[in-house]
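Report on one structure; see the data block that follows.
The values are calculated or read from the model by the stated rules, or taken from the named source; none is laboratory data. If you're wondering where the values come from, they're calculated on a predicted model, not measured in any experiment. Neighbour counts are summed over all protein chains in view; Cβ atoms, including those assigned to glycine, are modelled from backbone coordinates with ideal geometry.
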Amino acid sequence: MATINLTSGNFESTLDKSSILLVDFWASWCGPCRMFGPIFEDVSNSHPDLTFAKCDTEAAADLATSFGVSSIPTLAVFRDGILLYKEAGALPKAALEDLVNQVKSLNMNEIREKIDSETKV
């Protein structure tokens, strides 16, 4: 699956319809972003069951700001609408594949229970 362009206008609907959503926050002037882009695209082609989205931090600064993106590239990963991972830095392909597999294998009931117990404190 090709990556989609993510903006503040389509973020919520994309998140709602995606079981797993990976977001690459990037900018065209960023060297590491240009290096990570093809890796992100390649991994997206290997996982057509997931949603891979790119957020241009110049064009969608409001969305990037809402996620506290201060360095790019930053990768954010959501499953079932829950933010599970957000880190700055370009990942090698093997590390991104490993991250995808870890997210796929998570027991989301356990994650939701943990979140619920932390919010009750």
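If you go through the range 1-34 and keep only what is among the aromatic types (Phe, Trp, Tyr) and in contact with a Pro (Cβ under 7 Å, 6 or more places away or on another chain), you end up with 25, 26. State whether the residues of the range 55-67 include one that is more than 19 Å from residue 9 (Cβ to Cβ) and either among the aromatic types (Phe, Trp, Tyr) or at pLDDT 95 or above (or both). Looking through the range 55-67, none of the residues is more than 19 Å from residue 9 (Cβ to Cβ) and either among the aromatic types (Phe, Trp, Tyr) or at pLDDT 95 or above (or both). Please count how many residues of the range 10-68 are among the hydrophobic types (A, V, I, L, M, F, W, C) and under 16 Å from residue 92 (Cβ atoms). Adding up the residues that qualify gives 7.
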